[in-house]
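A.B. asks: Attaching a single structure in structure tokens format; questions to follow.
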Amino acid sequence: MNGKAPCTDSSLRESGLREELVQACRVLYAVKAAGDGLGGHLSARLDERRILIKPRPVSWRGLQPQDLIVIDFNGKRVDGAASERSAVREWPIHAQIYAARPDVQCVLHAHPSASTLMAALGIAVEPLDQDCAAFAGRLAVLDNGAVSISTPELGDEVARALGTRGALLLKNHGSVVAGADIASVCVTAYRLEKVAETMLRAASLTKLPVMSPEKSAAILQAREAVEPGGQGRMNHERWQMMQDYYL
Ligand SMILES: [Zn+2]
């Protein structure tokens, strides 16, 4: 990006995505959804061949639009020379999810502490509150030996475990969140870490599970009636508020 590039639709779209990803990285770090900020990456699909992604050595808070790099679906940097700054070891998480899910436009992989500990302890989410109800019974955990997802085969395994859902936990490793836009990924990532904190607090106060299967099912059924599909619009409202609170 040098400001002198011709203003095509795709270059305008790319510069908009760069701005939005930078805002998203700052908010995700502020709400602890990016863990301690020393690992993980956030990306957006540019087109069928290219991915815009946060490079590993730049901080989630200090990132600038021009710091984001473009890689292809083989993990190769295509907007400049490959270097230490362009190293994204777990690029297959992003590439293989984009390849498997045409509906996905944004992917986050991070090592948030509460989510990671919840999966490590084998704690299943119960519908203790509305955020928990959004994940209860819908959050898969992939136990792949905590390997670094550095090959397309390992990325495929992650994409399969994610299925058609928006979030997945990697046991003893971290989380993956995918969605139709940057807003929904940020909101889901924020809620997931908050849900994990709630479940860990519950585990420290009482014996799990807190609820009987019948009670859980009744709450989930009631929630389904309230939140059947309109998550997209709601996530945009929530994302606006998160930016107001945390930027
Ligand atoms: Zn990782």
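The values are calculated or read from the model by the stated rules, or taken from the named source; none is laboratory data. Predicted model, so just to flag it, every value in this text is computed and none were measured. We place every Cβ from the backbone using ideal geometry, glycine too, and count neighbours over all the protein chains shown.
A.B. asks: Quick check: anything in region 107-129 modelled with pLDDT under 95, surrounded by fewer than 23 Cβ atoms within 10 Å (Cβ to Cβ) and more than 15 Å from Ala167 (Cβ to Cβ)?
C.D. replies: Checked region 107-129: no residue is modelled with pLDDT under 95, surrounded by fewer than 23 Cβ atoms within 10 Å (Cβ to Cβ) and more than 15 Å from Ala167 (Cβ to Cβ).
A.B. asks: Right, next: On the basis of being under 17 Å from Ala124 (Cα atoms) and in a strand (DSSP E or B), does Val141 make the cut?
C.D. replies: Taking the combined requirement at face value, the residue satisfies it.
A.B. asks: Now, a different point. Name the helices (runs of 4 or more DSSP H) wholly within region 181-247 that hold at least 1 residues that are under 29 Å from Asp36 (Cβ atoms) and of a type in the set (D, E, K, R)?
C.D. replies: In region 181-247, 182-205, 231-246 are the helices (runs of 4 or more DSSP H) which contain 1 or more residues that are under 29 Å from Asp36 (Cβ atoms) and of a type in the set (D, E, K, R).
A.B. asks: Hey, can you tell me all the residues within region 154-182 that are touching a residue at least 60 places away in the same chain (Cβ under 8 Å) and among the acidic types (Asp, Glu)?
C.D. replies: Of everything in region 154-182, those that are touching a residue at least 60 places away in the same chain (Cβ under 8 Å) and among the acidic types (Asp, Glu) turn out to be Asp156, Asp181.
A.B. asks: Does region 155-183 hold any residues that are more than 9 Å from the chain's Cα centre (by Cα), within 18 Å of Gln105 (Cβ to Cβ), surrounded by 19 or more Cβ atoms within 10 Å (Cβ to Cβ) and of a type in the set (Gly, Ala, Ser), and which are they?
C.D. replies: Gly155, Ala159, Ala183
A.B. asks: List, please: which pairs have Cβ atoms under 7 Å, are six or more places apart or on different chains, and start with a residue in region 127-153 that is on the phi > 0 side of the Ramachandran plot and end with one that is in a loop (DSSP other than H, G, I, E, B)?
C.D. replies: As it stands, the answer is Ala146/Lys171; Ala146/Asn172; Ala146/His173, since those pairs meet every condition given.
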